[in-house]
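First comes the structure, then the notes that go with it.
Every read-out reported here was derived from the displayed coordinates using simple, explicitly stated rules and does not represent laboratory data. Everything quoted here is computed from the prediction, not taken from an experiment. Using ideal geometry, Cβ is built from the backbone for each residue, glycine included, and neighbour counts are taken over all protein chains shown.
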Amino acid sequence: MFLDDEWTQEEFYEYKAKLSKKNIEIVLIDTILKPIKGIKTTLYNPIELLKYPKNTIFLFYCDTGKTTQNRLEFYKTKLKGYRCVSLRGGRGYFKPNLNKPFKQD
């Protein structure tokens, strides 16, 4: 379930709700200096990201999702031991009104 290298916005919200119960944080990483309105994002800075607990998942986004998908292996080399994922469709397909809670199992 959480093993894909690319997540949709819906998967992001669903996994965030499920994993927060296990004290696992998903951090949305801005690689283009364009924050997504209405949601907390963090700028890509490997030195700062390495301060997060090892069970943290980093979800990278760009404008379309293509660049972060192509660069995912690079991010993984900079953040060894962390789970790195790309946001499908990037910032361009992020729907700000799609932050409703998901049903829990």
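Data table
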{"quantity": "Protection proxy ranking, peptides 54-61, 11-18, average beta carbon neighbours within 10 Å, highest first", "calculated": "54-61, 11-18"}
{"quantity": "Ratio of the Cα radius of gyration of region 20-73 to 2.2 N^0.38 Å, where N counts its residues", "calculated": "1.16"}
{"quantity": "Relative compactness, the chain, computed as alpha-carbon Rg over 2.2 N^0.38 Å", "calculated": "0.99"}
{"quantity": "Derived scalar couplings ³J(HN,Hα) [region 25-35; Karplus, 6.51 cos²θ - 1.76 cosθ + 1.60; whole Hz; x for Gly, Pro]", "calculated": "9, 10, 10, 7, 9, 8, 9, 10, 6, 9, x"}
